[in-house]
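Asks: Here's a structure for you.
What follows is calculated from the coordinates using simple rules that are stated; it is not laboratory data. It should be emphasised that the depicted structure is a prediction, and the values quoted were computed from it without experimental measurement. So basically every Cβ, Gly included, is an ideal-geometry build from the backbone, and we count neighbours across all protein chains shown.
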Amino acid sequence: MSRFHEYQVVGRKLPSEKDVAPKLYRMRIFAPNEVVAKSRFWYFLKKLRKVKKAAGEIVSINQIFEKRPEQIKNFGIWIRYDSRSGTHNMYKEYRGMSRVEAVGQCYQDMAARHRARFSSVQIIRVAEVKSADIRRQYIRQLLNNKLSFPLPHRVQRTEKSQRRLFIAKRPTTFY
């Protein structure tokens with residue numbers, strides 16, 4: 001179970017005599033729950049347009065689910081984050097089963113490498129990237145179909161009849 005969910009939030013400015021049918025704004029937001037998703041929606045909308053929560057309304061909020069959650073995919077994530085010294089733009093790549101999983105990895109990575117908190121990271125765009133278009137070497141090395149991981153120091157299992165609870169020598173774990 002992932003910590004984040006992907007929500008589609010649609011909102012607008014409240015209708016008035018001057019503007020009877022205000023423009024609708026739709027955002028895809030990654031958040032732990034609907035309350036945080038609504039809050040982030042108003043945070044971004046206030047930055048992008050002159051609409052704040054007191055003078056606006058949420059029309060709908062829906063959770064978006066992955067189309068193919070059983071297949072591994074490559075994701076490119078464009079982010080903006082506030083560090084101690086300023087605001088930076090960044091592009092990162094991750095491999096995961098879903099967009100939500102990739103975004104979760106991104107937040108963990110930003111916290112580990114840059115000490116960036118959830119509130120200081122803004123996800124601009126998340127896109128599925130084809131294997132041929134991968135830019136980062138640390139993801140490209142995982143695309144090899146002959147990829148294998150060594151299994152060092154394995155303890156060989158003995159037959160049940162030959163197994164003892166206490167043995168006089170240590171097991172050999174190399175080949």
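Asks: Can you tell me how region 28-68 classifies by the Cα gyration tensor, rounded, prolate or oblate, using a/c under 1.5 as the rounded cut?
Replies: prolate
Asks: Moving to a separate point now. Under 8 Å for C-alpha pairs, at least 6 residues apart: give me the relative contact order for the chain, rounded to a whole percent.
Replies: So the answer I get is 19 percent.
Asks: Using Stokes-Einstein with the Kirkwood hydrodynamic radius over Cα pairs, what translational diffusion coefficient do you get for the chain at 37 °C and a viscosity of 0.692 mPa s, in µm²/s rounded to a whole number?
Replies: D, rounded to a whole number, is 164 µm²/s.
Asks: Order 2-12, 65-75 from most to least packed using the mean count of other Cβ atoms within 10 Å.
Replies: Packing proxy ranking, top to bottom: 2-12, 65-75.
Asks: Which of the peptides 24-34, 83-93 is most tightly packed, and how do the rest follow, judged by the mean count of other Cβ atoms within 10 Å per residue?
Replies: 24-34, 83-93
Asks: Here's another thing I want to ask about it. Given the C-alpha centroids of region 23-39 and region 98-175, what is the distance between them in whole angstrom?
Replies: For region 23-39 versus region 98-175, the Cα centre distance is 31 Å.
Asks: Let me ask another. For the chain, what does the helix formula give at 222 nm: sum of -39500 (n - 2.57) over DSSP H segments with n ≥ 4, over the residue count, nearest 500 deg cm²/dmol?
Replies: Calculated at 222 nm, the ellipticity per residue is -6000 deg cm²/dmol.
Asks: Mind ranking 160-173, 97-110, 129-142 by how tightly packed they are, going by the mean number of other C-beta atoms within 10 angstrom, highest first?
Replies: 97-110, 129-142, 160-173
Asks: Regarding region 106-173, what is the average projected area of its C-alpha convex hull, in nm²?
Replies: Spelled out: convex hull of the Cα atoms, projected over all directions, averaged, 10.1 nm².
Asks: Specify the angular offset, from 0 to 90 degrees and rounded to the nearest 10, of the alpha carbon long axis of helix 34-48 from the longest principal axis of the alpha carbons in the chain.
Replies: Helix 34-48 sits at roughly 60 degrees to that axis.
Asks: Restricting to lysine pairs 8 or more places apart or on different chains, what number in region 27-175 have Cα atoms under 23 Å apart?
Replies: Here the count comes out as 13.
Asks: Relative to the longest principal Cα axis of the chain, at what angle does helix 99-114 sit, 0 to 90 degrees, rounded to 10?
Replies: Helix 99-114 sits roughly 80 degrees off the main axis of the chain.
Asks: Return the sequence-ordered ³J(HN,Hα) values of region 127-138 in whole Hz as given by the Karplus equation 6.51 cos²θ - 1.76 cosθ + 1.60 applied to θ = phi - 60°, using x for Gly and Pro.
Replies: Ordered by residue, 3J(HN,Hα) equals 9, 6, 10, 5, 4, 6, 9, 5, 9, 8, 5, 5 Hz.
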